[in-house]
Every structure is written in C-alpha cells, then in structure tokens.
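Colleague: Got a structure for you, questions after.
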Amino acid sequence: MASEIGKTPRTVALFATCLADLVRPSVAFASARLLEAAGCRVEAPAAQTCCGPPAWN
C-alpha cells in the first residue's frame, strides 16, 4: 500500500444495508472510516434499497 500513497484514490461504493442503517448505523460509519483511512474515496449511493435479508432471517 505504501506505493499507492499520493496516487488518485480509488472510489468505493458502500452498500450499507437497511439492517445496518436501522439497527447498527455505527457499523456502516465505521466501514466508511476504515475505507477512507485506507485511501479510498467512499460513495454511498442514495438510491439503495432493501436487498431482502429481513424477509429471510
């Protein structure tokens, strides 16, 4: 990773599930901070929808 310092950051789309959003939002925020600390630019698409886990759990 040291060779990547100073280069254009990678863009990562973070899919924060509805469960993370409603039950444990701190997990989604921690994930974003971790990715940013690794040098990534984090985007959370506004049009995210439920992918179905509540129906299957």
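Rule-based calculations on the coordinates, nothing more; no lab input. As the structure is a computational prediction, the values presented were derived from the model and not from experiment. All Cβ positions, glycine included, derive from the backbone under ideal geometry; neighbour counts span all protein chains shown.
Colleague: Using θ = phi - 60° and the Karplus form 6.51 cos²θ - 1.76 cosθ + 1.60, what ³J(HN,Hα) does each residue of the stretch 46-52 get, whole Hz, x for Gly and Pro?
Modeller: 5, 8, 5, 10, 5, 9, x
Colleague: Also: Enumerate the calculated ³J(HN,Hα) couplings along the stretch 32-41 in order (Karplus 6.51 cos²θ - 1.76 cosθ + 1.60, θ = phi - 60°), each rounded to whole Hz, writing x wherever the residue is Gly or Pro.
Modeller: 5, 5, 5, 5, 5, 5, 7, x, 8, 8
Colleague: I would also like to ask the following. Could you tally the net charge around Ala44, taking each other residue with its Cβ under 13 Å from the Cβ of Ala44, Lys/Arg +1 and Asp/Glu -1?
Modeller: Summing Lys and Arg as +1 and Asp and Glu as -1 gives -1.
Colleague: Also, I was wondering about something else. Can you give the helix-only mean residue ellipticity at 222 nm for the chain, where every DSSP H stretch with n ≥ 4 adds -39500 (n - 2.57) and the sum goes over all residues, rounded to the nearest 500 deg cm²/dmol?
Modeller: Value at 222 nm, helices only, nearest 500: -10000 deg cm²/dmol.
Colleague: To continue, here is another question. Using 7 Å Cα-to-Cβ label points, what is the Ser26/Cys51 separation (nm, one decimal)?
Modeller: 2.3 nm
Colleague: Taking the Cα centre of the stretch 2-47 as origin and charging only Cβ (+1 Lys, Arg; -1 Asp, Glu), how large is the dipole, in debye to the nearest 20?
Modeller: So the dipole magnitude of the stretch 2-47 works out to roughly 80 debye.
Colleague: Once amide H atoms are placed 1.01 Å from N in the peptide plane, what residues at a sequence separation of 5 or more from Val12, or on another chain, have their amide H within under 5 Å of its amide H?
Modeller: For Val12, the qualifying residues are Arg41, Val42, Glu43.
Colleague: Further, regarding this structure: So what are the radius of gyration and Dmax for the Cα set of the chain, in Å?
Modeller: 13.9, 44
Colleague: Still on this model: Once you list every other residue whose beta carbon is under 14 Å from the beta carbon of Phe15, what net charge do they have if Lys and Arg are +1 and Asp and Glu are -1?
Modeller: -2
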